[in-house]
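The structure under discussion appears below in the form of structure tokens.
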Amino acid sequence: MSNGWRYAKIGEVCVVERGGSPRPIDKYITDDPSGINWIKIGDTNDSMYITETAQKIIPEGMKKSRYVQPGDFLLSNSMSFGRPYILKIDGCIHDGWLVLRDKDNLFDKRFLYYYLSSPSTYQKFKNMAVGGVVNNLNSDMVRGVLVPIPTLDEQIEIVTVLDKLNEIIVNRKQQLSKLDELVKSRFIEMFGNAENKIPIGELCNVTGGYSFKSGDISNDGAIKILQIGNVYLDNVSWETTNYLPEGFDEKYSKFMLNEGDIVIALTRPIIQSLGNVKACIVKSRDLPCLLNQRVGRITVKEGKNIFLEFIYSCLMTDDFTKHVESCSIGCSQPNISTKDIENYLIPNAPYEEQKLFAEFKKQTEKLKLEIKESLEKLETLKKSLMQKYFG
């Protein structure tokens with residue numbers, strides 16, 4: 001389909017600028033409804049659009065930031081770099097964002113979104129990204145990336161196909177979300193009114209990862225590193241994977257993860273305001289891997305009768321999210337410590353009740369697995385179509 005398409009560098013057809021952050025940001029955050037939207041990575045979700053923000057800043061902050069408007073593209077340039085979003089609101093962006101403006105209205109915005117989010121484009125960004133543990137893009141790099149410019153009719157034809165497929169994918173994800181809500185409801189029904197509580201630290205070990213040297217980290221190798229960018233809600237994503245050489249599994253054996261371990265983000269732990277923390281249970285398919293700094297691991301202490309499925313569901317409650325928010329240090333990049341997790345009080349539930357809950361959760365996990373397998377096939381089809389359209 002790409003035969004005959006004209007190509008241009010992004011910098012030739014779009015204005016590309018970097019965001020900026022007034023500092024210290026705490027002094028500019030406001031609860032005033034008339035404040036200016038402060039757009040952060042945490043305000044994004046699976047949608048291609050950003051429609052609201054959790055925080056606002058005072059007007060004076062605009063002078064030290066970058067003002068953006070509906071229709072602009074945002075591209076993350078650090079942490080989970082290279083992720084595009086279309087704005088449906090105005091506001092200000094910090095220096096973790098790049099803004100792209102289609103100055104001559106050459107694109108259907110959805111076409112540009114799909115192109116920027118395609119695997120081939122992401123690989124270009126990945127190859128250009130600089131940094132060690134945290135990769136970064138800059139404006140000049142993005143300006144140099146080639147982008148196709150089909151006719152608007154061709155763009156709409158492609159977008160129509162991808163939109164329909166995306167709708168099915170979103171429906172599958174909503175089914176998974178409803179099953180998660182079912183587990184939450186069951187947890188609250190069984191343990192929500194518990195009066196006898198105990199700190200997680202009395203039942204579990206909560207430890208952090210290791211700060212591996214950037215010189216040892218590469219894009220290929222023998223052992224994966226589970227970094228903060230790999231930890232998602234209920235899932236480890238290896239879309240961006242860094243590795244360590246052979247032998248590191250023996251040298252740093254105490255940081256090797258095991259199936260069933262709970263891992264939790266210690267930096268930027270909140271996905272969205274009053275949403276869930278970024279945490280998941282390690283699966284066999286994720287192994288072998290080593291735990292990196294700023295990610296915590298939760299394991300059951302020897303001799304303690306506790307189900308990790310029960311512990312994990314304790315972390316998925318609104319109460320734990322509020323605990324994390326109250327403990328977080330800083331505003332633009334909140335942090336929690338392993339001690340904060342250890343101190344959190346959970347129901348001191350009888351073993352048999354935990355077992356009943358764990359069995360219920362395992363049954364829902366079987367249903368989720370079926371949906372996830374369907375979702376993976378759809379995602380594979382989507383990648384195949386993107387390869388066909390965008391190379």
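Excluding ligands, DNA and RNA, the accessible surface per residue across region 1-149 is 45 Å² with a 1.4 Å probe. Taking 0.36 nm per residue of separation and subtracting the Cα-Cα distance, full extension of the segment from N138 to K103 would add 10.6 nm. 3J(HN,Hα) couplings calculated from phi for region 173-188 with the Karplus curve 6.51 cos²θ - 1.76 cosθ + 1.60 (θ = phi - 60°) are, in sequence order, 5, 5, 4, 5, 4, 5, 5, 4, 5, 4, 5, 4, 4, 5, 4, 5 Hz; Gly and Pro show x.
Within the listed set A222, A129, A358, the Gaussian network model of the chain (springs between alpha-carbon atoms below 10 Å) gives the highest mean-square fluctuation for A222. Using the Cα atoms of region 10-159 to build a convex hull, what is its mean projected area in square nanometres? Result: 9.2 nm².
Computed from point charges on the beta carbon alone (+1 for Lys and Arg, -1 for Asp and Glu), the dipole magnitude for the chain about its Cα centre is near 680 Debye.
Relative to the longest principal axis of the Cα atoms of the chain, the long axis of helix 318-327 makes an angle of roughly 80 degrees.
For region 284-298, the Karplus equation 6.51 cos²θ - 1.76 cosθ + 1.60, evaluated at θ = phi - 60°, returns couplings of 4, 5, 7, 9, x, 7, 9, 8, 8, 4, 6, 10, x, 10, 10 Hz by residue, with Gly and Pro reported as x.
Accessible surface calculations at 1.4 Å, restricted to protein heavy atoms, place region 238-391 at 50 Å² per residue. Each Lys and Arg adds +1 at its Cβ and each Asp and Glu adds -1 at its Cβ; summed about the Cα centre, region 4-101 shows a dipole of about 380 debye.
Within the set of other residues whose C-beta is less than 14 Å from the C-beta of I169, count the net charge using Lys and Arg as +1 and Asp and Glu as -1. Its environment carries a net charge of +1. Computed from backbone phi, the HN-Hα couplings of region 89-103 come to 9, 9, x, 10, 10, 8, 7, x, 10, 10, 10, 10, 10, 6, 5 Hz, rounded to whole numbers (Karplus: 6.51 cos²θ - 1.76 cosθ + 1.60, θ = phi - 60°; Gly and Pro given as x).
Note down the relative contact order for the chain as a percent, whole number, built from C-alpha pairs under 8 angstrom at least six residues apart. Reported relative contact order: 18 percent. Amide H contacts for Y49 (H built 1.01 Å from N in the peptide plane; partners 5 or more residues away or on another chain; cut-off under 5 Å): I86. Give me the percent of the accessible area of region 102-235 that comes from carbon and sulfur atoms, probe 1.4 Å, all protein chains in place. So the carbon and sulfur contribution to the accessible surface is 48 percent.
Past 24 Å, Cα to Cα: identify those pairs from K124/K383; K283/K361; K362/K383; K56/K339, in the order given. Check vs 24 Å cut-off fails for K362/K383; K56/K339.
Between the amide H of Y232 and those of S237, distances stay under 5 Å, these residues lying 5 or more places away or on another chain, with hydrogens modeled in the peptide plane. Here is the P(r) of region 132-282: all C-alpha pair distances, binned every 5 Å from 0, give 2, 6, 9, 13, 15, 13, 13, 12, 8, 5, 2, 1, 0, 0 in whole percents. Simple rule: put +1 on each Lys or Arg Cβ and -1 on each Asp or Glu Cβ in the chain, find the dipole, and look at W238, S139, P33; the Cα lying farthest toward the positive end is S139. Compared with the dominant principal axis of the Cα atoms in the chain, helix 351-390 is inclined by about 20°. In loop segments of region 1-89 as defined by DSSP, the GluC sites (Glu not before Pro) with at most 15 further C-beta atoms inside 10 Å of their C-beta are E52. Where does helix 119-128 land angle-wise versus the long Cα axis of the chain, in degrees 0 to 90, nearest 10? So the inclination is approximately 90 degrees. Normalising by residue count, the chain has a Cα convex hull of 149 Å³ per residue.
Of the trypsin sites (Lys or Arg not before Pro) found in region 184-247, those in coil by DSSP whose Cβ has at most 10 other Cβ atoms within 10 Å are K213.
For region 83-171, the set of GluC sites (Glu not before Pro) satisfying both a DSSP loop assignment and a count of at most 14 other C-beta atoms within 10 Å is empty. Comparing Cα centroids, region 50-104 and region 284-310 end up 36 angstrom apart. Here the dipole of region 292-389 is about 500 debye; that uses its Cα centre as origin and unit charges on the Cβ of Lys and Arg (positive) and Asp and Glu (negative).
The values are calculated or read from the model by the stated rules, or taken from the named source; none is laboratory data. Computed from a prediction, not measured in an experiment: that's the story for all the values here. No Cβ is skipped: glycine too gets one built from the backbone with ideal geometry, and neighbour counts run over all protein chains shown. The accessibility values were calculated without ligands, DNA or RNA, using every heavy atom of the protein model including side chains. Shrake-Rupley method; radii C 1.70, N 1.55, O 1.52, S 1.80 Å.
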